[in-house]
Structure formats: structure tokens, C-alpha cells
Amino acid sequence: MKVAKNNEFQFFLSPQLHSQNEKSTLAACFKLKLPEDMPLEFCSHASGLFCFRHMPPISKKEYTTHVICNPSVGQSVFLPKLGTGRDGKSFLGFDPIDKVFKVLSSYSSHSSVNYILTLGTAEMRWRRIHCPLSLYPLSKGICISGVIYYLARKTYETYYIVCFDVRSEIFEFLHADFIDFYATRLINYEGQLGLISWPENSVDASMALWVLEDGENWSEHAFTLPGDKFSDVACNVSKVSVVGVTAIGEIVLMKKGYYDSDPFKVFYFHPKQNTVKHLEAQGFETFGRVYAFVGHVEDLTLMNCHQLQQDRLKFDMKYHQLQKDVVRFEKINKFAALSLLEDV
């Protein structure tokens with residue numbers, strides 16, 4: 001996904017590379033154009049959907065607006081506005097059992113207050129839920145097998161991985177003081193939660209991978225990136241950042257840099273085979289920011305976007321009808337009061 005300077009989002013898909021010499025092309029599948037005065041921040045993605053959030057200016061007391069996008073069918077929908085501040089993050093989750101999407105928002109700094117919205121329900125609204133710990137969210141989230149994971153801080157010495165079950169809406173927490181939170185990426189490693197730690201601004205090519213094996217214990221793996229095989233980025237691995245891991249264990253990295261005139265590149269590093277493959281895309285130099293995702297699953301069912309719009313329309317119609325009923329009720333009462341005065 002690439003972001004234009006005029007608040008335009010374009011989505012591209014590419015098949016996974018299977019050989020070192022194989023070439024792949026990017027196919028444009030959807031374009032999302034929004035008003036330039038409504039800047040969006042990318043939040044997260046899950047099971048084919050993407051979640052964005054509009055951050056109002058600090059000087060204005062506006063509601064926060066979320067946008068859900070399904071690039072496979074070319075649909076997007078605005079969620080009901082949420083009356084909270086700018087601080088915090090939002091996460092998109094998918095329950096594979098009930099086939100339900102939910103958006104979790106944690107806004108207040110070091111607060112236990114969270115809000116959740118279920119997509120496609122008859123009454124689409126934000127609900128307030130309680131988190132047992134007052135935490136400050138630090139990272140974007142990732143949804144694995146119906147659980148949203150994200151990094152959070154209680155104090156400057158106490159860090160957690162928050163585990164939110166989308167179906168039961170229950171919070172659990174993992175202590176994670178052993179990692180550098182500001183140089184760590186949450187990943188889906190063969191269906192399990194994984195952490196890749198690597199100071200992206202360092203020229204050191206070492207990388208650490210932790211995998212959550214049984215819900216509590218972590219297995220640690222160490223790799224060294226072959227800097228000589230990143231020839232297109234001047235043999236400097238500090239010029240790439242971690243995106244995720246493929247189903248066959250390849251660590252995916254993308255070239256850093258915004259407003260770059262060079263071709264956009266994605267690298268596939270296989271730690272066991274010590275091989276590097278790359279994908280190149282032209283025409284990205286006019287865009288301000290590029291996001292890359294691993295293992296995107298297309299959803300071609302038109303999912304709940306129509307239902308969301310219908311639910312929102314029904315809500316607006318009921319609201320307007322309620323306003324009319326209130327005005328009518330007030331007029332009737334005023335007429336009755338005048339009649340009583342005349343009788344007197």
C-alpha cells in the first residue's frame with residue numbers, strides 16, 4: 001500500500017516469490033481517495049481488511065473517525081465517530097470462529113478505559129470496556145488466530161505485551177522486559193506470536209527472533225543478515241526495516257525512505273538457507289509513504305461494508321425520526337397548554 005501526498009491510498013498485490021531468480025510484478029487493486037483536510041493514520045489490518053484513523057488537530061475538539069477498507073472488492077466505510085482524544089492507538093481484530101471483525105481503541109494515556117466496536121451488527125456503536133491494567137500503547141497491533149497483540153508500557157521500567165481475545169473480549173498480559181520495545185516488530189511466525197528485535201538505525205546486521213511457544217515460554221533465535229547480498233542498498237542493512245515473516249520462514253524486509261527516486265524494493269531473507277530474494281516496483285517516487293504487509297488474504301464476499309452502511313443509514317433515519325417526534329410532541333404540549341389557558 002502506498003500513500004500519495006494528497007491523501008490518496010493505493011493498494012497493490014504481489015504473489016510470493018518462490019525462487020531466487022524469479023521476478024514478480026505488483027498489480028493495483030484499489031484506490032482510496034479522501035479529502036485532503038482529513039489526514040488518515042494507518043492502524044492495522046486483519047483477514048483482508050485495513051483500518052485507518054483520522055486524527056483531528058490538537059487545536060480542534062473533534063471526534064475521531066475510523067475508516068475500514070476492503071481493497072479486494074474496492075469498498076470503504078466510515079465508522080461512527082468516537083468522542084475521545086488524540087492519544088492512543090486503534091487495532092483491528094478478526095474472530096475466526098464467529099467470523100466477526102472488531103475494532104479496539106485505547107486512547108487515554110496510562111488509562112484502563114478502552115472502546116470496542118463490532119462491525120456489521122444491527123446496532124453499530126462503540127462500547128466501553130475495562131482493561132485490568134492502566135497501560136500506554138506503544139505499537140501497532142497484529143491479530144493472530146483471533147487474538148490482538150500489541151506492545152504497551154506501564155512505567156518506563158515495566159513493559160507488557162497485551163493479548164486481547166477478540167471473541168471473549170478478555171485482556172491478558174505477558175511480561176516483556178527482556179526486549180527493546182523501540183526496536184521490536186510483532187510478527188506472525190507460523191501461526192504463533194513472534195518478536196523480531198533489531199535496531200533499525202544500526203549498521204549491525206544481527207537480528208534476534210523470539211517465538212511464543214506455549215503461551216508463556218519464549219524460544220530465542222539469532223541471525224546475521226548477509227549485508228553483501230543487499231547490494232541495491234549499498235550493502236548497508238540499516239537501510240531496510242522488518243515487515244514480517246512468510247509461511248515458509250522468510251523474513252521480509254523493505255527498503256526505507258520516503259520521497260525516494262530509487263525503485264521501491266522488498267527483500268526476502270531465508271535465515272536457514274542464507275539467501276536473499278527481492279521484489280522491485282517502479283513508480284513509487286511520487287508517493288509520500290509506503291506500507292508493506294505479509295500474507296494478505298483477499299476477502300471477495302463484499303463482507304459487511306454494505307451492512308455497515310445500511311446500519312448507519314438506519315441509525316441516522318431513526319435519529320432524525322426521533323427528532324421529529326420530539327418536535328411534534330413539544331408542539332402538541334404547547335397547543336394543549338394554550339387550550340387550558342383559554343378555558344380558564
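The values are calculated or read from the model by the stated rules, or taken from the named source; none is laboratory data. Note that this is a predicted model, so its numbers are computed, not measured. Cβ: placed from backbone, ideal geometry, glycine included. Neighbour counts: every protein chain shown.
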TODO: For residue 261, indicate whether it is hydroxyl-bearing (Ser, Thr, Tyr), at pLDDT below 70 and not in a loop (DSSP other than H, G, I, E, B).
DONE: no
Task: Close pairs (6 angstrom Cβ cut-off, 6 or more residues apart or separate chains): in the same structural domain as residue 163 (by TED's automatic domain parsing) and over 14 Å from residue 175 (Cα atoms) in region 206-219, of a type in the set (A, V, I, L, M) and part of a strand (DSSP E or B) anywhere - done: 208/222; 209/196; 219/211
Open item on the list: Against the definition (surrounded by 15 or more Cβ atoms within 10 Å (Cβ to Cβ) and either under 30 Å from residue 271 (Cβ atoms) or touching a Lys or Arg at 6+ places or on another chain (Cβ under 7 Å) (or both)), how does residue 117 come out, yes or no?
Closed with: yes
Task: Qualifying residues in region 181-213 (those that are outside any strand (DSSP E or B) and either at pLDDT 85 or above or surrounded by 15 or more Cβ atoms within 10 Å (Cβ to Cβ) (or both)) - the one farthest from the chain's Cα centre (by Cα) - done: 205
TODO: Give the residues of region 119-141 that are among the hydrophobic types (A, V, I, L, M, F, W, C) and either within 15 Å of residue 91 (Cα to Cα) or part of a strand (DSSP E or B) (or both), sorted by residue number.
DONE: 119, 126, 129, 131, 133, 135, 138
Open item on the list: With the requirement that a residue be farther than 24 Å from residue 207 by Cβ, among the basic types (Lys, Arg) and without any contact (Cβ under 8 Å) to a residue 60 or more places away in the chain, what does region 129-185 give you?
Closed with: 154
Task: Unique residue being assigned to a loop (DSSP other than H, G, I, E, B), on the phi < 0 side of the Ramachandran plot and modelled with pLDDT of 90 or more when the list is 116, 68, 97 - done: 97
Open item on the list: Looking only at residues that are at pLDDT below 70 and in a strand (DSSP E or B) in region 269-297, which one is surrounded by the most Cβ atoms within 10 Å (Cβ to Cβ)?
Closed with: 287
Open item on the list: So residue 114 ticks every box in (1) touching a Cys at 6+ places or on another chain (Cβ under 9 Å); (2) more than 19 Å from residue 64 (Cα to Cα) but one. Which box is left unticked?
Closed with: (2)
Task: Of all residues making up region 74-94, the number that are closer than 19 Å to residue 163 by Cα and either modelled with pLDDT under 90 or not in a strand (DSSP E or B) (or both) - done: 2
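Per-residue answers, yes or no, for (1) at pLDDT 85 or above; (2) crowded, with 18+ Cβ neighbours inside 10 Å; (3) part of a loop (DSSP other than H, G, I, E, B):
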| position | (1), (2), (3) |
| --- | --- |
| 9 | no, yes, no |
| 19 | no, no, yes |
| 32 | no, yes, no |
| 35 | no, no, yes |
| 41 | no, no, no |
| 45 | yes, yes, no |
| 52 | yes, yes, no |
